[in-house]
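Structure first, then comments.
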Amino acid sequence: MFTNKNTQRKQDDLLTMLLYRFFPFWPLFLVLMVVALLGAYAYLWYTKPLYEASATLLIKDENKGVDDPRMTEAINVFTSKKIVENEIEVIQSRSLMKHVVNALHLYAPVYEEGKFKTLSAYATSPVVVKVQHPDSLLANLKEEQQIYFTYKEGEVKIGAKTYPLNAWVQTPYGLVQFARNPHYLKKPAGPLYFTFVPPQLVAADLLSRLEVGSANKLSTVVTLTYKDEVPQRGEDVLNHLIHAYHQVAVNEKSALAGNTLDFIEDRIRFVEGELDALESKVQLYKSAKGIVDLSEQGKVFLQSVSENDRKMEDMKMQLAVLDQVENYVLSKNNSGGIVPATLGINDPVLSDLLQKLYEAEIEYQRLRKTTAQNNPILVTLSEKIEKIRPGILENIQSQRENLRASLANLASAKGKYNATLQSIPKQERELLEISRQQAIKNSVYSFLLQKREEAALSYAPAAAESKVVDRAEASLFSVSPKRKLVYSVAVVLALVCGVVLITGKEILNNKVLFRSEIESHTNAPVVGELSRVKRKKKALFQEPTEIYLVEQFRQLRTTLGLYGRNFTKKKILVTSSVPGEGKSFVSANLAFSLAASGKKVVLLDLDLRKPNTTLQFGLSQARGITEYLMGEAAAADIVTQTAFQNLYVMPAGEKVGDNTELLLNGRLEGLFAFVEEAFDYVIVDTSPIDLVSDAYLISEFCDITLLVIRHAYTPKSVVKHLDQNAKLNALHNLAIVFNGIKARGFVKGNYGFGYGYGYERVYKEHVYRA
């Protein structure tokens, strides 16, 4: 509980310190803040606002629980599984974005020229500019050129030449077509011009403003965001990017299905030719031999033989397919291609390995277009491909050995069947041989027809791997620059600049500005702080005197303990380090303050070289202390009554100058004995201590020594060596008066304590009459 109170007190002290340190300069902060806000307004006005368009795409990733329906799988035998992370890289590929640039004709942007800034005319230009071969821009374009044009009555005019719409025309810039802008909304306010930019550069710029990512690791929903100064263009870029992504997937699947169909069609044509030949042979044989029907024994035998031969043909076909697959695997080197059809092979392990090899090679080729050769993903895919190939070859070898063993068994069985055929009549045996071959070819033909239908049906679900959840939609308000943030930064910057200027000015100042600077370099107490008073006449004090200054001298008297009933220290020496710090002003006003309280006070002007007190009281021609020290006058004779009640002055005398030796002749002790007996308080104004040793000699006769330090006048180097000054250390009861404190900044009436000026109470100004 006490800790909370202490913490709160520290926070209050810190806030108070900051308030009084910087609040006096509030006009400076106000000016800086106005300038910063005007700068922020100009920045917001000149900066083109950006709108954010976003779209959502669902990727069907088998690893994250999103897969094709069973019916679609049954129809589409070429369904490929996708990984969300890889598809994100594909969406951000340069090739897809280049399709968007060409589709939207962004390589020829149109601008609207204003008085102070240029705006995009994507929605305000009546026409768009198309180039027949955009890729040639990179080779032909030497520098960006602004081509101004006007549109009127269905024609485009560039300079003195006029071009029609929707027709390819030869221009100085190449083969160009001007078409109507489908996004034209309103008439432009300024002149229009277009430029040509290489599609590669435009695509790179669009990719820099595109962000693609998934919501989390388990989500297959991909969010696309794009920032553009024209909301409609942002939506078009995202929608065309999604369309291009889908179209590439469809094209890849169509190419795979088409190649498979071509392979099956070739096999069907070959089998059809063999069937035609066998059917003709059966017909000729029956006609020649007059065979109508076979015996029941022949039918059963025919079925067995046919089944045996069909199996042998199937195995031979499987061996041929294995040879093709082996040649495919051995001939590839991480390059994508069409996997040979595994017709007749029912080994799921081989089919799965071939599918993985195909997907890995396709993914490798796809990523190689968008990533570097030594990318970790590409290296991983390459290693994966190299690991899959040995497994496929080993599987092929194993199946080949199995098939050859089976063929050997079937050949042995065939020999037995041939021996049995010798018991059948020759004509029947020959007919069975022909029919058996016909049955085998019919079976192969039916199998190929079935596979052709499956391949044809794969075209139906052409884009089943991804789904558009939300089409692109732009934000209603700009997302950049953020007005509140810009204005907040401007305000903070103005405050920081103000603090830096004020702090830097005070740090670089080599004069004493703060009471803390005095207290940090000396153990002598600071007994008073006196505000700066502008005097119209050259006088130490004048009537009327401001009440807050009078009150400050009252506080000085209180701090020194001059009000105590038993106070015996009545002789007060006032000195300074260097001339001009206001020691004469302090001594005269302190004497006046004591006299105003009813005490009998005498002011001794012992600054015998520069007697300012004597001059201010108009006693420069009067006999004074120098005459007393020379023995030419008595102490009572040099006391002069002033115009103020209870205030007396002992002037320096007529013979001012270097009279240090007079202070050592022994008469000074008698002078102090006289004034101590005759007066309640004795105020001594002496010379600066760093210049001469007078103050050091006089200090032994005084009870208190007041060292005057002037605000913004006394060098900091003097304050830093106060404790090392041997003369100051020899003074009796040294105390410091901080004089001439000026108001900080532009606030009048607040004066310095501690780290700032203004911890003491501010008094209303009114007239005090003594």
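The values are calculated or read from the model by the stated rules, or taken from the named source; none is laboratory data. Not measured: the values here are computed from a predicted model. Quick reminder, even Gly has a Cβ in these numbers, built from the backbone with ideal geometry, and neighbours come from all protein chains shown. The accessibility values were calculated without ligands, DNA or RNA, using every heavy atom of the protein model including side chains. Shrake-Rupley method; radii C 1.70, N 1.55, O 1.52, S 1.80 Å.
In table form, for the structure just shown:
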item: Subset of segment 363-391 [within 27 Å of D347 (Cβ to Cβ) and either surrounded by 17 or more Cβ atoms within 10 Å (Cβ to Cβ) or in contact (Cβ under 8 Å) with a residue 12 or more places away in the chain (or both)]; result: E363, Y364, Q365, L381, S382, K384, I385, I388, R389, G391
item: I59 β-branched (V, I, T), more than 24 Å from A360 (Cβ to Cβ) and modelled with pLDDT under 85; result: no
item: Residue tally, condition at pLDDT 75 or above and either open to solvent by 70 Å² or more (accessible area, probe 1.4 Å) or not in a helix (DSSP H, G or I) (or both), over segment 316-334; result: 4
item: Yes/no for A249 being in contact with an Asp or Glu (Cβ under 7 Å, 6 or more places away or on another chain), closer than 29 Å to R471 by Cα and crowded, with 16+ Cβ neighbours inside 10 Å; result: yes
item: Scan of segment 119-139 for residues that are at pLDDT below 85, open to solvent by 40 Å² or more (accessible area, probe 1.4 Å) and either outside any loop (DSSP other than H, G, I, E, B) or on the phi > 0 side of the Ramachandran plot (or both), ordered by number; result: D135, S136, L138, A139
item: Residue within segment 639-659 that is in a helix (DSSP H, G or I) and in contact with a helix residue (DSSP H, G or I) (Cβ under 6 Å, 6 or more places away or on another chain) present; result: no
item: Residues that are closer than 17 Å to Y358 by Cα and buried (at least 16 other Cβ atoms within 10 Å of the Cβ), drawn from segment 392-410; result: I392, N395, I396
item: Output for segment 680-700, where each listed residue is crowded, with 20+ Cβ neighbours inside 10 Å and not charged (D, E, K, R); result: Y681, V682, I683, V684, T686, S687, P688, I689, A695, I698, S699
item: Residue within segment 577-586 that is open to solvent by 10 Å² or more (accessible area, probe 1.4 Å) and modelled with pLDDT under 65 present; result: no
item: Matching strands (runs of 3 or more DSSP E) fully within segment 140-257 where at least 3 residues are hydrophobic (A, V, I, L, M, F, W, C); result: 174-180, 221-228
item: Single condition F644 does not satisfy, out of (1) surrounded by 15 or more Cβ atoms within 10 Å (Cβ to Cβ); (2) over 27 Å from G598 (Cα atoms); (3) out of contact with any strand residue (DSSP E or B) (no Cβ under 9 Å at 6 or more places or on another chain); (4) not basic (K, R); result: (2)
item: Neighbours by Cβ (under 6 Å, 6+ apart or cross-chain): first from segment 553-568, small (G, A, S); second modelled with pLDDT under 75; result: G561/F567
item: Which numbered condition F585 misses (of (1) over 15 Å from A735 (Cβ atoms); (2) in contact with a strand residue (DSSP E or B) (Cβ under 6 Å, 6 or more places away or on another chain)); result: (2)
item: In segment 701-733, residue modelled with the highest pLDDT [restricted to those that are part of a helix (DSSP H, G or I) and open to solvent by 10 Å² or more (accessible area, probe 1.4 Å)]; result: F701
item: Yes/no for K98 being over 21 Å from S208 (Cα atoms) and either open to solvent by 40 Å² or more (accessible area, probe 1.4 Å) or free of Cβ contacts under 8 Å to residues at least 24 places away in the same chain (or both); result: no
item: Selection status of I698, among the aliphatic types (A, V, I, L, M), closer than 27 Å to R557 by Cβ and in a helix (DSSP H, G or I); result: yes
item: Count - residues of segment 608-632 that are in a loop (DSSP other than H, G, I, E, B) and either open to solvent by 10 Å² or more (accessible area, probe 1.4 Å) or basic (K, R) (or both); result: 13
item: Pairs where the first residue, in segment 608-627, is without any contact (Cβ under 8 Å) to a residue 12 or more places away in the chain and the second is surrounded by fewer than 19 Cβ atoms within 10 Å (Cβ to Cβ) and not hydrophobic (A, V, I, L, M, F, W, C), C-beta under 9 Å, 6+ apart; result: L615/K538
